[in-house]
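Novice: Take a look at this one; I'll ask things after.
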Amino acid sequence: MSVTSADITAAADRIAGHVHVTPVMTSQAFGRPLQFKFEHCQITGSFKARGAFNSVLTADVPPAGIVAASGGNHGAAVAQAAKSLGHAAHIFVPEMAGPAKIDVIRQTGADLHIVAGAYADAAAAAADHQTRTGALDIHPYDAPATIAGQGTCFKEWQAQGLAADTVLIAIGGGGLISGALAWFADQPDAPRIIGVETATTNAMHAALAHGAQTDVDVSGLCANALGAKRIGALPLSLAQRHNLHTVLVTDDAVSRAQSALWQHLRQLVEPAGAAALAAVLSGAYTPRPDERIAVLLCGANPAPIPI
């Protein structure tokens, strides 16, 4: 099943009033004009709220409530959506989710389960809970309702005056970039979409090179946000259909971009939130001199960082 711009428009109408309209700005602080969308200012600190609310609002939630596995941001978003819409939620996260994201989930009042190991271990525990209880599983990236919800970010940005040749977007499991590809798919003057991953969280890059069943070993600075072991089937299908180009950045480049965003714009983001900017600042993506570049800042739940 694919996701269309009509699905995204319907999702935008559906979630209006449940999520923030996030701000945009243009800055020359990084040596060239860059357009930014501050999606890290979204409810619970990431774009994930869009997909979570759309998923819950389009589902029949059973008495057992909702279950989700997450590296942190998706869990917080689902927990908030469940709370706002009057449903119980069980959220499974790995220990590596980190204190900031775990605290956001706790504040919603959801039943939080911290699982030893990585995201795959939390996903297995969530799947077991779903099987035992019949709870509704909200997938973080490989589901049409999730992708349509994330696509509302780009519909909104375009309405706010996005004028770019290229938009850089971080990739984890692929839901966010899928929303961008789906929204711009039928537009004749659509910007080029560039996916950004780190060298150790590169599920999309690996799948495009080696096939859909490719698993990657996840580690490094962005592991608790971009750390999908395997890219989603729907995101990969959209990426292949639209000839998505991806670039890889180092953890050091991400860390420098994270600090630069604080130093120059006073924007505090988590490492994954700075990954797209890291591609420009590090040279992993080199724009033409006159190329209009837009950068999505996607998450704001960092561990404490030295500035």
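FYI, it's all coordinate maths here, none of it is from the lab. Since this is a predicted model, take the numbers as computed values, not measurements. Methodologically, a virtual Cβ is constructed for each residue, glycine included, from the backbone with ideal geometry; neighbour enumeration extends over all protein chains shown.
Novice: Which trypsin sites (Lys or Arg not before Pro) from segment 186-285 combine a DSSP loop assignment with at most 10 other Cβ atoms within 10 Å? Intermediate results must be reported in sequence, preceding the final value.
Specialist: Values: sites: R192, K229, R230, R241, R256, R266; in loops: K229, R230, R266.
The qualifying sites are R266.
Novice: With both partners inside the chain, how many of the DSSP beta bridges are antiparallel, as a percent to the nearest 5?
Specialist: 15 percent
Novice: Need one word for segment 132-236: rounded, prolate or oblate. Basis is the Cα gyration tensor (sqrt eigenvalues a ≥ b ≥ c); a/c below 1.5 gives rounded, then a/b vs b/c decides.
Specialist: oblate
Novice: Over segment 60-137, calculate the relative contact order: mean separation of alpha carbon pairs under 8 Å at least 6 apart, over the residue count, as a percent.
Specialist: Working: 151 pairs, mean separation 30.3, N = 78.
Value for segment 60-137: 39 percent.
Novice: If you don't mind, there's one more thing I want to ask. Say R0 is 35 Å: what FRET efficiency, to the nearest 0.05, do Q28 and A185 get from their beta-carbon distance?
Specialist: 0.65
Novice: What dipole magnitude, in Debye to the nearest 20, does the chain give about its Cα centre under +1 on Lys/Arg Cβ and -1 on Asp/Glu Cβ?
Specialist: For this selection, approximately 420 debye.
Novice: Return the lysines within reach of K229: Cα separation strictly under 25 angstrom, same-chain partners fewer than 8 residues apart disregarded; answer none if there are no such residues.
Specialist: Reachable lysines: K48, K101.
Novice: Would you mind checking the pairs K83/K155; K37/K83; K37/K155 and listing those with alpha carbons more than 19 angstrom apart?
Specialist: K83/K155; K37/K83
Novice: Same structure again: I need the Debye-formula profile for segment 60-137: one equal scatterer per C-alpha, no solvent, reported as log10 I(q)/I(0) at q = 0.16, 0.18 1/Å, two decimals.
Specialist: -0.47, -0.60
Novice: Here's a follow-up. For a protection proxy built on the mean count of beta-carbon atoms within 10 angstrom, sort 44-50, 16-22 highest first, please.
Specialist: The packing order, highest mean first, is 44-50, 16-22.
Novice: Going highest first, how would you order 24-30, 123-129 by mean Cβ packing within 10 Å?
Specialist: Ranked from most to least packed, the peptides come out as 123-129, 24-30.
Novice: Right, something else. Output the relative contact order of the chain, whole-number percent, from Cα pairs under 8 angstrom with separation of 6+ residues.
Specialist: 21 percent
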